[in-house]
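Trainee: Mind having a look at this structure? Questions to follow.
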Amino acid sequence: VLVAAGSGSRLGAGFPKALVEVAGDTLIGHCLRAVQQVPAIAEVVVVAPADGVDAVVRAVAGRFTARVVAGGTTRDASVRKGLEALDPQLTHVLIHDAARPFTPTQVYRRVLAELAAGAVAVVPALPVTDTVKRVRDGVVVKTLDRDELVGVQTPQGFRLAELRAAHARQRGEVTDDAMLMEQAGIAVRVVTGSDHAFKITTPFDLAVARAMQED
Ligand code: CTP
Ligand code: MG
């Protein structure tokens, strides 16, 4: 499930972030190109902005076998729309942010390998490099122990039954799918992510992505 239904308000392109082009292809296109190199992925559902389904269909058309469905107003609602559109026979799913177009196929493979070894939930992550502090009203409350902290990326991998159940129970705001599994008491395994799996969030990130693709 490729979630691409966000508006990209922090990027501010004036149209959905997933349709922004880098090096001649949309962020969705770059993601699908990686996905196509991972044979274990049986089908792809792209979750598009509700008012941008046609534009996403055009971005996908003729190049990729992917189904396009309309998303929701929050990321988790978009994930649920994607899950509903999946073949009910499937046993596992990867949820990937379209905003991480340069995630290397090795990261997909590491997540899949962990699922194949029996994990119910798997996330790729990298150690944080900044010192992270908890701040309240402009004052530092605590410096967190950096040795315990990682930045989590996508694709995140799940056994479908458990992920569906966790989404059905969901209350309140979550920023990724693994959080729902944590809330359900399910162990979330961590594999090594990649610097290249960074999320394009701000204009600076987009500039970095474009510079990376230049030769
Ligand atoms: N996403 C989604 N549906 C939403 C919100 C987000 O499918 N209602 C997807 C985005 O398209 C993106 C991923 O979730 O691929 C990560 O979200 P984020 O980087 O926050 O993207 P946006 O929500 O589009 O950006 P912003 O928060 O700056 O508006
Ligand atoms: Mg967002």
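Trainee: The conditions are (1) more than 13 Å from the chain's Cα centre (by Cα); (2) buried (at least 19 other Cβ atoms within 10 Å of the Cβ), and Val190 fails exactly one of them. Which is it?
Mentor: Of (1) more than 13 Å from the chain's Cα centre (by Cα); (2) buried (at least 19 other Cβ atoms within 10 Å of the Cβ), only one is false for Val190: (2).
Trainee: A follow-up question, please. Residues that are more than 13 Å from the chain's Cα centre (by Cα), under 28 Å from Leu115 (Cβ atoms), within 14 Å of ligand 2 (Cβ to nearest atom) and in contact (Cβ under 8 Å) with a residue 12 or more places away in the chain: does region 51-62 have at least one?
Mentor: no
Trainee: Here's another thing I want to ask about it. How many of the residues making up region 9-29 are crowded, with 22+ Cβ neighbours inside 10 Å and either under 17 Å from Pro155 (Cβ atoms) or within 8 Å of ligand 1 (Cβ to nearest atom) (or both)?
Mentor: Applying the first criterion (crowded, with 22+ Cβ neighbours inside 10 Å) to region 9-29 yields 16-18, 26-28.
Filter once more, so that each one left must be either under 17 Å from Pro155 (Cβ atoms) or within 8 Å of ligand 1 (Cβ to nearest atom) (or both): 16-18, 27-28.
The number of residues fulfilling the criteria is 5.
Trainee: Quick one: in region 65-84, of everything that is in contact (Cβ under 8 Å) with a residue 60 or more places away in the chain and assigned to a loop (DSSP other than H, G, I, E, B), which residue is surrounded by the fewest Cβ atoms within 10 Å (Cβ to Cβ)?
Mentor: Among residues in region 65-84 that are in contact (Cβ under 8 Å) with a residue 60 or more places away in the chain and assigned to a loop (DSSP other than H, G, I, E, B), the one surrounded by the fewest Cβ atoms within 10 Å (Cβ to Cβ) is Thr74.
Trainee: Residue by residue through region 55-64, note down the ones that are in a helix (DSSP H, G or I) and either surrounded by fewer than 19 Cβ atoms within 10 Å (Cβ to Cβ) or modelled with pLDDT of 95 or more (or both).
Mentor: Hits for region 55-64 are Ala55, Val56, Val57, Arg58.
Trainee: Another question, if that's okay. Just checking, does region 163-170 include any residue being under 23 Å from Val38 (Cα atoms) and modelled with pLDDT of 95 or more? Don't jump to the end; show me each part of the working.
Mentor: Of all residues in region 163-170, those under 23 Å from Val38 (Cα atoms) come to 163.
Right, trim to modelled with pLDDT of 95 or more and you get 163.
Scanning region 163-170, I find at least one residue that is under 23 Å from Val38 (Cα atoms) and modelled with pLDDT of 95 or more, so the answer is yes.
Trainee: Being away from ligand 2 (no atom under 15 Å from the Cβ), surrounded by 19 or more Cβ atoms within 10 Å (Cβ to Cβ), within 17 Å of the chain's Cα centre (by Cα) and closer than 30 Å to Ala116 by Cα narrows it down to one of Val45, Val38, Val3, so name that one. Can you show your working first?
Mentor: Details: Val38 fails: surrounded by 19 or more Cβ atoms within 10 Å (Cβ to Cβ); Val3 fails: away from ligand 2 (no atom under 15 Å from the Cβ).
Among Val45, Val38, Val3, only Val45 is away from ligand 2 (no atom under 15 Å from the Cβ), surrounded by 19 or more Cβ atoms within 10 Å (Cβ to Cβ), within 17 Å of the chain's Cα centre (by Cα) and closer than 30 Å to Ala116 by Cα.
Trainee: For region 1-54, which residues satisfy the criterion of being in a helix (DSSP H, G or I) and closer than 23 Å to Thr74 by Cβ? Spell out the reasoning first.
Mentor: Residues of region 1-54 in a helix (DSSP H, G or I): 17-19, 27-36, 53-54.
Residues satisfying the conditions are Lys17, Ala18, Leu19, Leu27, Ile28, Cys31, Val53, Asp54.
Trainee: Next question, about the same structure. Quick one: Gly71 ticks every box in (1) more than 15 Å from the chain's Cα centre (by Cα); (2) at pLDDT 95 or above except a single one, so which number is it?
Mentor: Unmet for Gly71, out of (1) more than 15 Å from the chain's Cα centre (by Cα); (2) at pLDDT 95 or above: (1).
The values are calculated or read from the model by the stated rules, or taken from the named source; none is laboratory data. Just so it is clear, the structure is predicted and the values come from calculations on it, not from any experiment. Cβ sites come from the backbone with ideal geometry, for glycine too, and all protein chains shown count toward neighbours.
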